[in-house]
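Following: one structure in structure tokens, then a few remarks.
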Amino acid sequence: MHRRDFLLTSTSAAVSLAASSAVSAQEPKAQERKPFRLKYAPHFGMFDNHAPDMLDQLQFAADEGFTAWEDNGMGGRSTEEQEKIAKKMQACGIEMGVFVAHADWGNASFASGNKDWANKVLDEMHKAVEVSKRVNAKWCTVVPGLVDHRLDFGYQMANTIDLLRRCAEITGKANLTIVLEPLNRRDHPQLFLTGVPQGYEICRGVNSPHCKILDDLYHQQITEGNLIPNIDRAWSEIAYFQTGDNPGRREPWTGEINYLNVFKHIHGKGFTGIVGMEHGKSQGGKEGEKKLIDAYRKADAF
């Protein structure tokens, strides 16, 4: 072989090897970025070390394989900001999850039967409908407020069901579903709605396809545990899930919940809705964000 031919052949082989090595180096990253099996939904601030800008956070999430997003504070954003976020989500192939339509931490807004509070809540439902139209949302969170210790529990339950029927009539016209979030007594003492069984009872009483349960697994692990059997019993009334390990309310594998088994179970039952990532991170910086993503990859590997 002539020296010139040898050099050309060697150079070609080296280029080919380098290209092959580059592809091989990229393969694990491409594998990591495959869409998740379930629609896990991060929120703004979860990836701000990788992408400080809000719209860039949506792009980063999409590039990592996430197909949903939630924003509790969406209702408080300007119309212009809502429209920008919705446009970016659509471009990224990201589905909008929940935003908060009503959450009262200081009043028995549903349980008391107070007409002034009822009118306030109904007005908030009308506003939630307008937000949902701008951001293509299908679900909005409602936290019914405090226990009213002056009333027997049965009256409080009836008041709550009556008001939710009126709320669901408003949201249902826009195909917006209220999801009731039971919250644990340790972090949120004195609230009326604290467990999935109670949420199930309320939803059966409301009897509307537009009033369902948001099963936040962090809260339910604290309140009643027995997560999978409770999911099965309340399945017909559960429309949305949220996550967070216990203790700490951080990403999966930082506490006691076996999220691999839980996710496998709800996937096997045919759940096609959204699983909101309603928690913090166990570690700061970019490494903490990578750790969080890896935790969901591990929990999604069923």
Quick check on the chain: helices-only [θ] at 222 nm, where DSSP H runs of length 4 and up contribute -39,500 (n - 2.57) each and the sum goes over total residues. Nearest 500, please. -15500 deg cm²/dmol
Here FRET efficiency (C-beta to C-beta, residue 283 to residue 55, R₀ 25 Å, nearest 0.05) is 0.50
Interchain or long-range residues, amide H under 5 Å from residue 103's placed H: 143
Given the candidates 242, 163, 67, the one whose Cα lies deepest towards the positive end of the charge dipole of the chain, counting +1 at each Lys or Arg C-beta and -1 at each Asp or Glu C-beta, is 67
Can you list residues whose amide H is under 5 Å from residue 274's amide H, if they're 5+ apart or on another chain and H is modeled 1.01 Å from N? 241
Among 139, 235, 117, rank each residue by its count of other Cβ atoms within 10 Å, from fewest to most, as a rough exposure measure. 235, 117, 139
With percent of Cα pairs over 36 Å apart as the read-out, I listed (i) 24; (ii) 8; (iii) 16; which label goes with the value calculated from this structure? (i)
Can you work out ³J(HN,Hα) from phi for every residue in segment 96-110, in order, using Karplus 6.51 cos²θ - 1.76 cosθ + 1.60 and θ = phi - 60°, giving whole Hz and x for Gly and Pro? 6, x, 6, 10, 7, 8, 7, 8, 10, 9, x, 9, 7, 5, 9
Report the charge-dipole magnitude of segment 36-299 in Debye, nearest 20, computed about the Cα centre from +1 at each Lys and Arg Cβ and -1 at each Asp and Glu Cβ. 460
DSSP loop trypsin sites (Lys or Arg not before Pro) in segment 88-181 with at most 10 other Cβ atoms within 10 Å of their Cβ, which ones? 150, 173
Just flag the trypsin sites (Lys or Arg not before Pro) in segment 236-296 sitting in loop per DSSP whose Cβ has no more than 14 other Cβ atoms within 10 Å. 269
Span-like helix ranges in the chain, DSSP H, alpha carbon extent 18 angstrom or more, Kyte mean at least -1.0: 3-32, 115-135, 153-172
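What percent antiparallel are the DSSP beta bridges of the chain, to the nearest 5?
That works out to approximately 5 percent antiparallel.
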At what distance in angstrom do the alpha carbon centres of segment 110-134 and segment 228-285 lie from each other? 28
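Every read-out reported here was derived from the displayed coordinates using simple, explicitly stated rules and does not represent laboratory data. Treat the numbers as computed from the prediction; the structure is a model and nothing was measured. Heads up, the Cβs are rebuilt from the backbone with ideal geometry, glycines too, and the neighbour counts pull from every protein chain shown.
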